[in-house]
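Peer 1: I'd like to ask you about the structure that follows.
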Amino acid sequence: MLDISIQELINKWQQYLVLQRNYSNHTVIAYNNDLKHFLEFMNYYNSELVTINHIKTADIRLIRSWLAKRNCNNFTTSSISRGLSAVKNFYRFLEKTTQLNSHIIFSIKSPKKTKLLLKALSEDDVVISLEHIEEYGNVKWIELRNKALLVLIYASGLRISEALSITKLHLQNLEFIRIIGKGSKERIIPWLPIAKNLITQYLEILPYKLDDNEPIFRGKQGKQLQPPVFNRELIKLKHFYGLPQHLTAHSFRHSFASHLLEHGADLRSIQELLGHKSLSTTQNYTKTSIKHLEAVYTTAYPIKK
């Protein structure tokens, strides 16, 4: 439970992130959750309801204790770093809007990230997944939704959050999907007919009426489908068919990139398709000779076979 004045500050901070910093809804939600965890820990640490003064006077021991607790709770290095970034962002906002001076939190460095090899699925595992994902829906429209969404991610390399933001307006362009990704960066991705056709079939039997600007992928109750719900469908698929443990919605994005590379695509083109800000991020997939992407994408990409 938060003091009303603190909740008002948090609400203003969220508006600032959206309106002035152009953060995506996904990032704002993640940042809000991280700040909430930090304030809950502060409440536990001080054994009393958190006040503005507690926030302003939080010392380095409290902050390091919070980070240590996250580490003990098996948060990934990336999650711990993002949490610290979120709290720093909030303190930066307090500096702008209150009389808070430079805070000790800005002296704390994020934990060093361990570079992990990105795990893609084999083409056989992708084919099995695409062929059998329809078995986990109970009703026809959900079965078709699951297949359309999974094919869309693998055919376009979208992040799950980006795929779930697709609206009817995106379908009006016959050739390209125009996506606003991380950092409000726009990119254009070719539509593959198989993805667009499945989405069209899904919309024809979707029992809910949607405006053109509403996300098309819906849950059982008609609300926008959330990533954890879809990943639970993939867990069922994974267990029944003995598919790799790292199979998630995001693994199909990795597979999109890896399979394009295996079929001769160049890193720079894949960087643009994935929406990576830095080529070094894309280079995590492989070091390979550069070939022309368009010919590969239109003639050799495995999903078209």
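No value in this document is a laboratory result; all are computed from the given coordinates. Just so we're clear, the structure is a prediction, and the values are computed from it rather than from any experiment. Methodologically, a virtual Cβ is constructed for each residue, glycine included, from the backbone with ideal geometry; neighbour enumeration extends over all protein chains shown.
Peer 1: Compute the Rg/Rh shape ratio of the stretch 221-272: radius of gyration over Kirkwood radius, all on alpha-carbon atoms. Don't jump to the answer; show the numbers that get you there.
Peer 2: Working: Rg = 14.5 Å, Rh = 12.9 Å.
Answer for the stretch 221-272: 1.12.
Peer 1: Here is a follow-up. Rank by packing, highest mean first: peptides 45-53, 262-270, 158-166, with packing defined as the count of other Cβ atoms within 10 Å averaged across residues.
Peer 2: On the way: 45-53: 12.9, 262-270: 18.1, 158-166: 22.2.
The packing order, highest mean first, is 158-166, 262-270, 45-53.
Peer 1: Moving on to the next point. How high is the relative contact order of the chain, in percent, with contacts defined as C-alpha pairs under 8 Å that are six or more residues apart?
Peer 2: Numbers: 326 pairs, mean separation 51.5, N = 305.
Result for the chain is 17 percent.
Peer 1: Going by average Cβ density within 10 Å per residue, which order do the peptides 10-16, 97-103 take, highest to lowest?
Peer 2: 10-16, 97-103
Peer 1: Tell me the net charge near residue 163. Cut-off is 12 Å between Cβ atoms, residue 163 excluded, with +1 for each Lys or Arg and -1 for each Asp or Glu.
Peer 2: Values: positive: 145, 159, 253; negative: 162.
Result for the local shell: +2.
Peer 1: Let me ask you something else. Find the relative contact order for the stretch 4-107 and round it to a whole percent, using C-alpha pairs within less than 8 Å whose residues are 6+ positions apart.
Peer 2: The normalised contact order for the stretch 4-107 reaches 30 percent.
Peer 1: Note the per residue figure in Å³ for the convex hull of the C-alpha positions in the stretch 4-107.
Peer 2: 99
Peer 1: Separate question: Note the listed values (1) 18.9, 58; (2) 21.8, 64; (3) 19.7, 67, then indicate which one is Rg and Dmax of the Cα atoms in Å calculated from this particular structure.
Peer 2: Looking at Rg and Dmax of the Cα atoms in Å for this model, the match is (2).
Peer 1: Output the 0 to 90 degree angle, nearest 10, between the alpha-carbon long axis of helix 193-205 and the longest principal axis computed from the alpha carbons of the chain.
Peer 2: That helix lies at roughly 80 degrees to the long axis.
Peer 1: What angle, in degrees between 0 and 90 and rounded to the nearest 10, separates the Cα long axis of helix 25-46 from the longest principal axis of the Cα atoms of the chain?
Peer 2: 30
Peer 1: About the Cα centre of the chain, how large is the charge dipole given +1 on each Lys and Arg Cβ and -1 on each Asp and Glu Cβ? Please answer in debye to the nearest 20.
Peer 2: Using Cβ point charges on Lys, Arg, Asp and Glu, the chain gives about 840 debye.
Peer 1: Order the peptides 169-179, 137-147 from the highest to the lowest mean number of other Cβ atoms within 10 Å of their residues.
Peer 2: Numbers: 169-179: 13.6, 137-147: 17.8.
Sorting 169-179, 137-147 by mean packing, highest first, produces 137-147, 169-179.
Peer 1: Going out from 0 in 5 Å bins, what whole percent of all Cα-Cα distances in the stretch 128-192 drops into each bin?
Peer 2: Per 5 Å bin, starting at zero, the Cα-Cα P(r) for the stretch 128-192 comes out as 3, 16, 25, 24, 16, 11, 5, 1 percent.
Peer 1: Rounded to the nearest 500 deg cm²/dmol, what is the calculated helix-only ellipticity per residue at 222 nm for the chain, with -39500 (n - 2.57) per DSSP H run of length n ≥ 4?
Peer 2: About -17500 deg cm²/dmol.
Peer 1: Which angle from 0 to 90°, rounded to the nearest 10, does the C-alpha axis of helix 60-72 make with the longest principal axis of the chain?
Peer 2: Computed tilt is about 30 degrees.
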